[in-house]
Amino acid sequence: MRTPATIFENHLPRRVVTGRAAARTLATLCGDRGWRRVAVCSDPGVVAAGVLPRVLEPLHQAGLVADVLTDIPAEPPLAAVDALAARIADCSADVVVAVGGGSVMDAAKVAAVSARHGRPAADFVGIGRTGGRGLPTVLVPTTAGTGSEATFVAILTDAASGMKVGVVDPHLLADVAVVDPELTDGLPAEITAATGMDAVVHAIEGFIATVSTPLARGLAIEAARQLGGGLEAACRDGRDTAARDRMAVGSHLAGMAFANSSCCAVHALAMPLGGRFHIPHGVITGCFAAAVMRHNAPACAADFATLGEALGWGRTPAAEFADRLDALAGRIGLVAQLRRVCVPDDAITALARDAVAVRRLMDPNPRPVTEADAVRIYRAVLAPAGA
């Protein structure tokens, strides 16, 4: 039984608005807070999906839109965040509204700090380095997976090293998070699967991390209940609104869970692999979850039993828990997505070295992961693709 620290902190968004059509209240949310110049940030995918007009229309009608910035790239490089911050400053925005997946929200969180403080994104990489809050942010997810609207973490790409890097600071927490499942209704099955499985991993790692708090564990279990009941149904039928609703809520709860605990070795292994080979993050975490939990099993028997029950599998023996994750990743198509990318075997040693160096994520893992362990896990998951 884990004994929580005698002193711990919990960090949550200042306000959360959830429910279908919640995004249509944005003009009121901004107006009530005296925000009159709104910089709306998004990406080409959200524009192409026809989601953005649902958010923009009420803001335009209220005369609040200062600029619309829709060119945020996936896995945003530090330079792209600096460019976004410059445009936010140029339009004299007093609030940043981010509409999109994790890349959009992470870029907007850091750009809002950069625009207020006049410093480049690279200055903030690490833990607790922002120096203060940025411009106010309203984060509106259009996927059910990253939980970025609930966290004080932003993952960016250092183009020079090819590594993913983290900006971690409670000052990044949203002023308002708007969780509207309606915005996820049109997601393709592949994106639903990848983002949804990432949320499942957030719940698992947030629960088992050695630094988890009682609040984080409670959030993680409820997230697992919601996600376990919604993921496969949403992948099978994207028009299943009840499943979409469960996924949106579960993703948000999982984000709050790991924000008040930590992600662990799955995410550490994902960082160099995603940075160098540009594999969708949720595909990596979803496919690596089983191998890492197989490694963690000796330290997690009670936790896996509890998580298995929450996910709808019954009180699952530790040895079976990883097999269940493997089967789930296969059924929703994540393994097939991973197989499209060939990672050469001669890249694995460097990937393992860099993954083990991400101590922010490796240290809270319930069982130590050595460089040799990381090599073994990478080969176990990637061998068919790298053969």
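The values are calculated or read from the model by the stated rules, or taken from the named source; none is laboratory data. Since the model is a prediction, treat every value here as computed from it, not as a measurement. Neighbour counts are summed over all protein chains in view; Cβ atoms, including those assigned to glycine, are modelled from backbone coordinates with ideal geometry.
Points to keep in mind about this one:
- When Arg225, Arg276, Arg294 are screened for being among the charged types (D, E, K, R), modelled with pLDDT under 95 and in a helix (DSSP H, G or I), only Arg276 passes.
- Neighbours by Cβ (under 8 Å, 6+ apart or cross-chain): first from the stretch 225-241, polar (S, T, N, Q); second not in a helix (DSSP H, G or I): Thr241/Arg20; Thr241/Asp185
- Top-ranked residue of the stretch 306-342 - restricted to ones that are of a type in the set (S, T, N, Q) and outside any loop (DSSP other than H, G, I, E, B), ranked as nearest to Asn296 (Cα to Cα): Thr306
- Unique match (being under 22 Å from Phe288 (Cβ atoms), out of contact with any Asp or Glu (no Cβ under 9 Å at 6 or more places or on another chain) and not assigned by TED's automatic domain parsing to the domain that holds His281) among Val201, Val168: Val168
- Inter-residue pairs, beta-carbon under 6 Å, first free of Cβ contacts under 8 Å to residues at least 40 places away in the same chain and in the stretch 11-37, second small (Gly, Ala, Ser), 6+ apart: Ala27/Ala62
- Members of the stretch 156-178 found to be at pLDDT 95 or above and within 19 Å of Val201 (Cβ to Cβ), listed by number: Val168
- Residues that are among the hydrophobic types (A, V, I, L, M, F, W, C), touching an Asp or Glu at 6+ places or on another chain (Cβ under 6 Å) and surrounded by fewer than 24 Cβ atoms within 10 Å (Cβ to Cβ) within the stretch 85-144 comprise just one, Cys91.
- Taking the criterion of being assigned to a helix (DSSP H, G or I) and hydrophobic (A, V, I, L, M, F, W, C), the only residue of the stretch 143-167 that qualifies is Ala150.
- Inter-residue pairs, beta-carbon under 7 Å, first closer than 14 Å to Glu149 by Cα and in the stretch 99-119, second of a type in the set (Phe, Trp, Tyr) and assigned to a helix (DSSP H, G or I), 6+ apart: Val110/Phe124
- Some residue of the stretch 229-242 being surrounded by fewer than 18 Cβ atoms within 10 Å (Cβ to Cβ) and of a type in the set (Ser, Thr, Tyr): yes
- Among the residues listed as Met293, Met256, the single one being in the same structural domain as Val200 (by TED's automatic domain parsing), under 16 Å from Asn365 (Cα atoms) and surrounded by 24 or more Cβ atoms within 10 Å (Cβ to Cβ): Met293
- Residue identified as closer than 15 Å to Gly308 by Cβ and touching a helix residue (DSSP H, G or I) at 6+ places or on another chain (Cβ under 6 Å) among Ala203, Ala216, Ala248, Ala234: Ala203
- When Arg359, Arg339 are screened for being surrounded by fewer than 20 Cβ atoms within 10 Å (Cβ to Cβ) and within 25 Å of Ser262 (Cβ to Cβ), only Arg359 passes.
- Residue list for the stretch 346-359, filter: in contact with a strand residue (DSSP E or B) (Cβ under 9 Å, 6 or more places away or on another chain) and either modelled with pLDDT under 95 or not in a helix (DSSP H, G or I) (or both): Val358
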